[in-house]
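Written below as structure tokens is the structure these notes are about.
The values are calculated or read from the model by the stated rules, or taken from the named source; none is laboratory data. Note that this is a predicted model, so its numbers are computed, not measured. Every residue, glycine as well, gets a Cβ built from its backbone with ideal geometry; the counts of neighbours run over all protein chains shown. Accessible surface areas use protein heavy atoms only, side chains included; no ligands, DNA or RNA. Shrake-Rupley method; radii C 1.70, N 1.55, O 1.52, S 1.80 Å.
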Amino acid sequence: MEDLYSRKIDYLRLSLTPRCNFKCFYCDSGSCEPLMRNELSLKEAEVIVGAAAEIGCTKVRLTGGEPLIRRDIMEVCRMVKSVPHIKTLGITTNGFYLASAVEELKASGVDLVNISLDTVDPDVFRRVTGRDALDKVLSGIARAVQTGFSAVKINAVLLRGINDDGKAVAGLAALTERYPVDLRFIELMPAAVTGKDYLRSFVSRSAVFEALPHLEKNGAGCDGEGVAEMYRLPGAPGRIGVISPMSSCFCHRCSRIRVLSDGSVRPCLLKNNEYSVKGLSFEDTVRVLKEAIRHKPQDYKDGSGATGNAGRMKRIGG
Ligand code: SAM
């Protein structure tokens, strides 16, 4: 379906749970117990994916919280892939449970795997996530690469004083010399961290270019989704992307509709307007999704609705 600004909305991001075994300070603020009570069931998720397909979505990404925490994650994947018109299934994960799950995820229809990793320093990793689990995540990445998904991407949020110095950026970038992965540096968005704390933590995209002066522009300069500018270290099999929602807005290319783990539909990541499809029939879910898409703002800075605090990313799913 097209929205009011002629953008084709064909990409559903579905958050399956607000629960996460990591406690990244910029993503997660406080308990998710009230949200957990409303977690979508497999049946409810099926209605939502079917309705999204009905209005033209062909791509679904499962996120969270941590989607691999769901006991029925493989059933959810198989269900999504069995919905007519859904061609591509992605999953975004913190990588903790990935190594042992990759084969089954692939067999269950997952095409694209995104792994979040902000540092390759074990102490910094513990400080950011609250878990001593860097090795587990790195082996998840290695296993995902071996398993032969259509794409494996690593997402790193830039954080001042944590991973924005030359050594930290270069350490992450070295993963692209080892693996054919897309490593994407992402500017911090105002979510769990807002106001002065946000300004203290925000790092602009320029940190990447300062740390990696030899980056080469790659091809058309954009990834398939049109959100990342792509580069490459000379001779590296993998690529380096820069996603800068704050310094250069790419809302005009947005193709997404988000459904959260409690069935709330969010037309824009950075605006707090929401609709609900929890427990609705297929027909009503189609109607509400269309309504939400009709209210998708032109861009997150356009002055409509409540902006400024995107809420908790672990509820929204990024
Ligand atoms: N648990 C999964 C994971 O770690 O990838 C999926 C959920 S997580 C909310 C999805 C993505 O959102 C992660 O890559 C995370 O780094 C990113 N994210 C969370 N808070 C963010 C923020 N304030 N700004 C930018 N990205 C953020």
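Quick check on my filter: what residues within the range 175-188 are part of a loop (DSSP other than H, G, I, E, B) and either within 15 Å of the ligand (Cβ to nearest atom) or open to solvent by 40 Å² or more (accessible area, probe 1.4 Å) (or both)? Steps first, answer last, please.
Quick first cut of the range 175-188, residues part of a loop (DSSP other than H, G, I, E, B) only: 179-181, 187-188.
Correct list: 180, 181, 187, 188.
Comparison of 230, 246 shows that the only residue that is touching an Asp or Glu at 6+ places or on another chain (Cβ under 6 Å), aliphatic (A, V, I, L, M) and open to solvent by 40 Å² or more (accessible area, probe 1.4 Å) is 246.
Does the range 211-229 include one or more residues that are outside any loop (DSSP other than H, G, I, E, B) and within 16 Å of the chain's Cα centre (by Cα)? So that I can check it myself, show each step before the final result.
Filtering the range 211-229 down to residues outside any loop (DSSP other than H, G, I, E, B) leaves 211, 216-217, 229.
Right, trim to within 16 Å of the chain's Cα centre (by Cα) and you get none.
Within the range 211-229, none of the residues are outside any loop (DSSP other than H, G, I, E, B) and within 16 Å of the chain's Cα centre (by Cα).
Which number in (1) crowded, with 22+ Cβ neighbours inside 10 Å; (2) at pLDDT 95 or above marks the one condition that residue 191 misses? So residue 191 meets the others, but not (2). Here residue 206 meets the list (1) more than 12 Å from residue 158 (Cα to Cα); (2) more than 15 Å from the ligand (Cβ to nearest atom) almost entirely, failing just condition (1).
In the list 143, 200, 232, 160, which residue meets the criterion of being touching a strand residue (DSSP E or B) at 6+ places or on another chain (Cβ under 6 Å) and charged (D, E, K, R)?
From the options 143, 200, 232, 160, the qualifying one is 232.
The rows are residues; the columns are (1) without any contact (Cβ under 8 Å) to a residue 24 or more places away in the chain; (2) basic (Lys, Arg).
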residue: 199; (1), (2): yes, no
residue: 205; (1), (2): no, yes
residue: 214; (1), (2): yes, no
residue: 222; (1), (2): yes, no
residue: 231; (1), (2): yes, no
residue: 241; (1), (2): no, no
residue: 245; (1), (2): no, no
residue: 250; (1), (2): no, no
residue: 258; (1), (2): no, yes
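Pairing residues of the range 60-87 that are over 14 Å from residue 12 (Cβ atoms) with residues that are part of a helix (DSSP H, G or I) and basic (Lys, Arg), at Cβ distances under 7 Å and at least 6 apart in sequence or on separate chains, gives 64/314; 65/314.
How many residues are open to solvent by 10 Å² or more (accessible area, probe 1.4 Å) and within 14 Å of the ligand (Cβ to nearest atom) when one looks only at the range 95-113? Show your work before the answer.
Our first condition is that a residue be open to solvent by 10 Å² or more (accessible area, probe 1.4 Å); within the range 95-113, this holds for 96-97, 99-101, 103-104, 106-107, 109, 111-112.
In the following step, the residues that additionally are within 14 Å of the ligand (Cβ to nearest atom) were identified as 96-97, 101, 112.
Residues flagged as open to solvent by 10 Å² or more (accessible area, probe 1.4 Å) and within 14 Å of the ligand (Cβ to nearest atom) within the range 95-113 amount to 4.
Under the condition of being of a type in the set (Lys, Arg) and assigned to a helix (DSSP H, G or I), which residue from the range 106-164 is nearest to residue 207 (Cα to Cα)? Within the range 106-164, the match that is nearest to residue 207 (Cα to Cα) is 127. Checked against (1) aliphatic (A, V, I, L, M); (2) in a loop (DSSP other than H, G, I, E, B); (3) open to solvent by less than 10 Å² (accessible area, probe 1.4 Å), residue 280 meets all criteria but (3).
Taken together, the criteria place residue 261 among residues that are in a loop (DSSP other than H, G, I, E, B), open to solvent by less than 10 Å² (accessible area, probe 1.4 Å) and farther than 19 Å from residue 175 by Cβ. The residues of the range 98-154 that are among the polar types (S, T, N, Q) and more than 19 Å from the chain's Cα centre (by Cα), listed by number, are 100, 108, 139, 146, 147.
Take the conditions within 12 Å of the ligand (Cβ to nearest atom) and over 22 Å from residue 268 (Cβ atoms) and apply them to residue 46. Does it pass? Against the criterion (within 12 Å of the ligand (Cβ to nearest atom) and over 22 Å from residue 268 (Cβ atoms)), residue 46 does not qualify. Of the helices (runs of 4 or more DSSP H) lying entirely inside the range 1-83, those containing at least 1 residues that are buried (at least 20 other Cβ atoms within 10 Å of the Cβ) and in contact with a Phe, Trp or Tyr (Cβ under 7 Å, 6 or more places away or on another chain) span 42-54.
Of all the criteria given as (1) under 24 Å from residue 91 (Cα atoms); (2) within 14 Å of the ligand (Cβ to nearest atom), the one not satisfied by residue 201 is (1). Being out of contact with any strand residue (DSSP E or B) (no Cβ under 9 Å at 6 or more places or on another chain) and over 30 Å from residue 123 (Cα atoms) is a description that does not apply to residue 19.
Look through 239, 253, 287, 205 and report the one residue that is open to solvent by 20 Å² or more (accessible area, probe 1.4 Å), of a type outside the set (Phe, Trp, Tyr) and over 22 Å from the mean Cα position of the chain (by Cα).
On the way: 239 fails: over 22 Å from the mean Cα position of the chain (by Cα); 253 fails: over 22 Å from the mean Cα position of the chain (by Cα); 205 fails: over 22 Å from the mean Cα position of the chain (by Cα).
Exactly one of 239, 253, 287, 205 is open to solvent by 20 Å² or more (accessible area, probe 1.4 Å), of a type outside the set (Phe, Trp, Tyr) and over 22 Å from the mean Cα position of the chain (by Cα), namely 287.
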